[in-house]
1. Just a yes or no: is a residue in segment 108-126 over 21 Å from residue 29 (Cβ atoms), within 13 Å of the chain's Cα centre (by Cα), modelled with pLDDT of 90 or more and assigned to a loop (DSSP other than H, G, I, E, B)?
2. Answer yes or no as to whether residue 50 is closer than 23 Å to residue 117 by Cα, modelled with pLDDT under 90 and either part of a strand (DSSP E or B) or within 16 Å of the ligand (Cβ to nearest atom) (or both).
3. If you take the residues of segment 11-34 that are closer than 19 Å to residue 68 by Cα and either away from the ligand (no atom under 12 Å from the Cβ) or within 10 Å of the chain's Cα centre (by Cα) (or both), which of them is surrounded by the most Cβ atoms within 10 Å (Cβ to Cβ)?
4. Determine if segment 69-76 includes at least one residue that is more than 12 Å from the ligand (Cβ to nearest atom), buried (at least 16 other Cβ atoms within 10 Å of the Cβ) and modelled with pLDDT under 95.
5. Would it be correct to say that residue 104 is part of a strand (DSSP E or B), within 17 Å of the chain's Cα centre (by Cα), surrounded by 16 or more Cβ atoms within 10 Å (Cβ to Cβ) and modelled with pLDDT under 95?
6. Out of the residues in segment 77-101 meeting the condition of being part of a helix (DSSP H, G or I) and within 16 Å of the chain's Cα centre (by Cα), tell me which one is surrounded by the most Cβ atoms within 10 Å (Cβ to Cβ).
7. Name the residues in segment 35-47 that are within 11 Å of the ligand (Cβ to nearest atom) and either surrounded by 17 or more Cβ atoms within 10 Å (Cβ to Cβ) or assigned to a strand (DSSP E or B) (or both), would you?
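The values are calculated or read from the model by the stated rules, or taken from the named source; none is laboratory data. It should be emphasised that the depicted structure is a prediction, and the values quoted were computed from it without experimental measurement. We place every Cβ from the backbone using ideal geometry, glycine too, and count neighbours over all the protein chains shown.
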Ligand code: MN
């Protein structure tokens, strides 16, 4: 695909009903998005549950602030990381097949991950994936610091979620 190497990756920390990280990968004209409950990990072999959420427009990528109660995605949004990503092969075909391997080149996240679709449980409506950190040169070993705790601030403004929430209160 022609966009290889220039695709946007965005991770937005979202303090909604539950704090989670929205991982957004640009495919064509949209951001394929998933909510990662415990956030992405740099530790090799770590698996994080990633729930597919609706595609977002590209203009959503740099948003930071507070979404008012009652609105879709209500809560505080912080741009935690951004950069580029490179899928292995055609990303649409890979997502359809249930396995997408990709590299991230962000300010905080560097390395390779794989999204693996999980078999749906009976009556389950949501589409669940596992976000698995690959064993590569950039990966951390178990017991090394958690990047989410090490660098919780916005890449855009250096603020924490609490500071963004306080700025509009
Ligand atoms: Mn969210």
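1. Yes, the conditions are met somewhere in segment 108-126.
2. Against the criterion (closer than 23 Å to residue 117 by Cα, modelled with pLDDT under 90 and either part of a strand (DSSP E or B) or within 16 Å of the ligand (Cβ to nearest atom) (or both)), residue 50 does not qualify.
3. The selected residue is 12.
4. Checked against the condition, which is being more than 12 Å from the ligand (Cβ to nearest atom), buried (at least 16 other Cβ atoms within 10 Å of the Cβ) and modelled with pLDDT under 95, segment 69-76 yields no hits at all.
5. Against the criterion (part of a strand (DSSP E or B), within 17 Å of the chain's Cα centre (by Cα), surrounded by 16 or more Cβ atoms within 10 Å (Cβ to Cβ) and modelled with pLDDT under 95), residue 104 qualifies.
6. Among those residues, the one meeting the criterion is 91.
7. 35, 36
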